[in-house]
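A short reminder: the numbers here are calculations on the coordinates, not readings from a lab. No experiment lies behind these values; they were computed from the predicted model shown. With ideal geometry, Cβ positions are generated from the backbone for all residues, glycine too; neighbour counts draw on all protein chains shown.
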Amino acid sequence: MATRRRRFKLQVPRSVVFYGLLVGLIALIIWKLFDLQVQQYATYVDAAIENRISRVNDPAPRGVIYDRRGVLLARNLPSFVITITPAFLPDNEAQTQAIVRRLAELLDMPLTVPGSTPKQPCVTGPGLRGVQDLVDEGAGFQPFTPVKIKCDVDQTTAFEVRQEIASLPMPGVEVVVEPVRDYPTGALTSALVGYMAPIPSRGDAPLTFDYYVTERGLLPNRDRVGVQGVEASLQDTLAGQNGSRLVERDVAGEVLRTTAVETETVPGYNVQLTIDVRLQRAVEVALLKRLQEIRDYTGGNQNFTSGVVIVMNPNTGEVLAMVSWPTYDNNKFARNIDLDYYFSLVGDETRGIPPNPDYPMLNHAVQILYPPGSVFKLVTATGALQEGVIDPNRELDDPGKITIRNKYFPADPGKAKDFVCWINKTAQQKHGPVNFTRGIAESCNVYFYKIGGGYEPDKLEGLGDVRLAKWMDIFGFGKRTGIDLPAEQAGFIPTRDWKRRNQGESWTTGDTYNAVIGQGFVQVTPLQMLNAYNAVINGGALLQPQIVDKILDGEGNVISDTQPVVLNALPVSSANLALVRQGLRQTVESGTLSGAILYGRSDPIVDVPGINVAGKTGTAEYCDRLAWSRDLCIPGKWPAHAWTMMFAPYEAPEVSVVAFVYNGTEGSIVAGPVANAALRAYFQIVKGVEFEDLPAPDETPVTPR
C-alpha cells in the first residue's frame, strides 16, 4: 500500500508583505533624502543660488570732453533701450509668441527678416533683423544676457512698453535707461573727438574683443568703445571701470535685492583738450571760404578735395586748432549706427557704393601722408648750414635750371636730366645770384639742389642723401610725434637701402635732388611738418604735440596736467637757427609770401597789422591713385598740393600755423590766405587784439558747393 506524501505550503500573512514593502519604501525615501540633502547638498544649493542669484554688470559713467575754456565737446544723455532676456520668457510657446508680436507692434519693427545676417546691436538700416530674429540669436548664444531689441527709443514709446509690462505678463522684457554719447560741436570737432561704436566681435577682432571684454570687463552686447579721436586714444581714461554685484531675482526675473558687491564701479575721468573751439570754427570757416572764392572765380573748374589747418603754440606743443576737411558728423554714430550714412563715407562693395576718395573718416592732419614740397626745404637748409656745407653769405647762381649728366653715358646729352627751378616757368625765368636767406625766401629750387645734392661746377659736395636722412630723423620724420590721437602715421624717410630692396634700383643724384626739395619719395603728415618748424621757431626743442590739456575727476579736481615733452634737442647752434628764421621772415618781406592774393582779390597775402609774421610756402607735385583715376598725371604738368607755414610775432613767436590744400596748386595764393586768416583769428579771438582796419573773424559755418 503506497504511502501518500503531504505537501506543506508556507502561508505568509498579507500584513507582513504590506509592512515589509512599506518599510522598504520608507528606507528608499530616507536614502534618497539623505542623498539629496546630504551627499548632493552642495550641488543643489549651488543650482538654487544660480537660479535665484545673478551677477549684474554696472556700467561706469563715461567722462566728458571739454575744450580749453570748458565748452562741452562730448557729453552723456539718457536714452531708452528695450531689451529681452530669452531665459526669462515663458516656457509656453504661445505666450512667448504673444509677447514678441506685441513688442514688434509697439516698436514698429518686423517680426522676422528673411535672409538677415547677424549685426552689431542697435544697427539701423534695411535688411536687418526683426524682433524674433534677435530673440532666437540671443537664446542660442547667451540666454541669460539681455538682448537689445531697439535702442534710442523715444520717451512716449518707452512709457507705452513700461505700461504693457505693468499691466500684462511680459517676463523678460525690460526698459533700460542707458547713457548715450552726444557731441554738441558735431562735425566741427569730430576729427579730434571721434565717436563710439559697439565692441567688435571676437571673429572680427579677437585681440580687441578679449581686451575690452576680458581685461576691462565690458559687455559686448551693451557697452560701446571709442573709435577715432580722443574717444579712442583715451578710451580707458574716459571709460573708467565697470562694477559687478550679485542680485536676487524672483521667478519673473525682477530684482529683489542686492546680496553682494563684487567690484566697485569707478567712474571715468573727464578730459580737457588744448583746442579753443572758437578758434577751431574761425579757422574752418577761413579754409572753406577761401576754397569757395576760388571755385566761384574759376567757374567751378578748380577741384579741391581736402585740406588741413593746424594752429599750435610752438613753445609748449599745444594744438589750439586742428581742422581736417572733409569730415563727418559724429552725432550720426552717437546713438545708432546709420549704415546708409556710414557707407556714403567709406563705401560698400556689396551695395555698389565706391569708397570715398577724400577719406572723410580720417584725420588728414595725422593719418594721411603727403609730399611736402618746398616747406620741407627748412630741413635741408638747417642741415646744410649746421654741417658746414654752405657759407650763408655765398651766392650761388640760379640760371633757371641745371643739368645732371648720366654718369654711365656722360657724352650722351639725351641721357642727361634737367632740374628746373619753379621760376623758370615765369617771365623772370631765373633768380640769378642767391644766398642762404634769399634761397629760403624765394624758395629757389636750384639753390637747394646745389646745397642738398651737390653740384660739381660750383665745387659743392652737398648735404647728400645719407646726411639728409639723418636730419629728417633729427626733425622727427619717419616716426610718430606721439600726439594723443589714434592711427598716427610715421611719415617716410627714403634711403638707398630702401630703394634697392623695394624698387630694385640704385639711388641716383636725381633722387637726392628731389628729396632735398620735399619731392620724390619723401612723405610727411601736416602735423609733422608744423612740428619741425616749431623746433626752429622755439630755439631748437622738438616737442611732442599735445591735444590733451588736463585730466579731471568728477569734482573738477586736476588728476594730471600735461607738461611740455621734449622729443629731441636739435644739434644746431642758436646763430644758425636765427639765420633760418631770418630767411623765413624775408619770405614775408620780399619772398613768396610778399605778393597779393590772386583769384579776384588784390589784398596782400600776409595782413596782420602791427605784428611781424614769418613763414614759408610750398607747392608739392604729386601723382597718387586719385590723380591717376582723374587723368591728372600728365608728364610736365602734374597736379600739386598747396602748403603754407606761418608764425608770429617774429621777434617772440607764440603761435604757428600750417595750411594744406590737396590739389591746391600754388601754396602762396591758396594756402597762404588761409594761414594768414588763422593767424589773424588767433590774435583776435585768443589774445583779444583789435585790428582797426580788419573786421572780427567770420565764424559763420560754410558748406562749400
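Highest mean packing comes first when the peptides 78-88, 547-557 are listed by Cβ atoms within 10 Å, giving 78-88, 547-557. Residue order for Glu178, Glu442, Glu690, fewest other beta carbons within 10 angstrom first, comes to Glu690, Glu178, Glu442.
With the charge dipole of segment 79-178 set up from +1 on Lys and Arg Cβ and -1 on Asp and Glu Cβ about the Cα centre, the Cα lying farthest toward the positive end among the listed residues Asn92, Leu168, Phe141 is that of Phe141. Most tightly packed first, judged by the mean number of other beta-carbon atoms within 10 Å of their residues, the peptides 294-306, 271-283 read 271-283, 294-306.
Once the Cβ-Cβ distance of Val113 and Ser201 is raised to the sixth power relative to R0 = 22 Å, the FRET efficiency obtained is 0.65. With the simple model of a label 7 Å out from the Cα in the direction of the Cβ, Gln241 to Trp498 spans 4.3 nm. Close amide-amide hydrogen proximity is noted between Leu320 and Val311, Met312, Asn313, each under 5 Å apart and 5 or more residues distant or on a separate chain (H modeled in the peptide plane; Pro and chain starts excluded).
Note that segment 79-178 carries a Kirkwood radius of 13.5 Å, evaluated over its alpha carbons pair by pair.
Mean sequence separation of contacting Cα pairs (under 8 Å, at least six apart), scaled by the length of the chain, corresponds to a relative contact order of 13 percent. In units of the compact-protein estimate 2.2 N^0.38 Å, the chain shows a Cα radius of gyration of 1.35.
Could you give the distance between the Cα centres of segment 52-83 and segment 575-640, to the whole Å? First find each Cα centre; the distance between them is then 46 Å. Calculated FRET efficiency, Asp603 to Glu105, Cβ-Cβ distance, R0 = 56 Å: about 0.30 to the nearest 0.05. Determine, from the Cβ-Cβ distance of Lys32 and Asn92 and an R0 of 22 Å, the FRET efficiency 1/(1 + (r/R0)^6), rounded to the nearest 0.05. Efficiency, rounded to the nearest 0.05: 0.10. Within a straight-line Cα-Cα reach of under 13 Å, Lys289 can be paired with the following aspartates and glutamates, leaving aside sequence neighbours fewer than 8 residues apart in one chain: Asp698, Glu699. What's the center-to-center distance, using Cα atoms, between segment 486-532 and segment 245-324 in Å? Taking the Cα centre of segment 245-324 as reference, the centre of segment 486-532 is 31 Å away. With N as its number of residues, segment 176-244 has a Cα radius of gyration that, divided by 2.2 N^0.38 Å, comes to 1.14. In a reduced charge model with +1 at each Lys and Arg Cβ and -1 at each Asp and Glu Cβ, the chain shows a dipole moment near 2580 debye about its Cα centre.
Across segment 75-80, computed HN-Hα scalar couplings (Karplus, 6.51 cos²θ - 1.76 cosθ + 1.60, θ = phi - 60°) run 9, 10, 10, x, 9, 8 Hz from first to last residue, x flagging Gly and Pro. Note on Glu215 and Arg257: the extension gain reaches 12.4 nm, defined as 0.36 nm multiplied by sequence separation minus the Cα-Cα distance. DSSP finds beta bridges in the chain, and of those with both partners inside it, around 95 percent are antiparallel. Entry note, the chain: the mean residue ellipticity at 222 nm calculated from DSSP H runs of n ≥ 4, each adding -39500 (n - 2.57), is -9000 deg cm²/dmol after division by the residues and rounding to the nearest 500. Highest mean packing first, where packing is the average number of other Cβ atoms within 10 Å per residue, the peptides 429-436, 577-584 line up as 577-584, 429-436.
With both labels modelled 7 Å from their Cα along Cα-to-Cβ, the Ala627 to Ala575 distance reads 4.1 nm.
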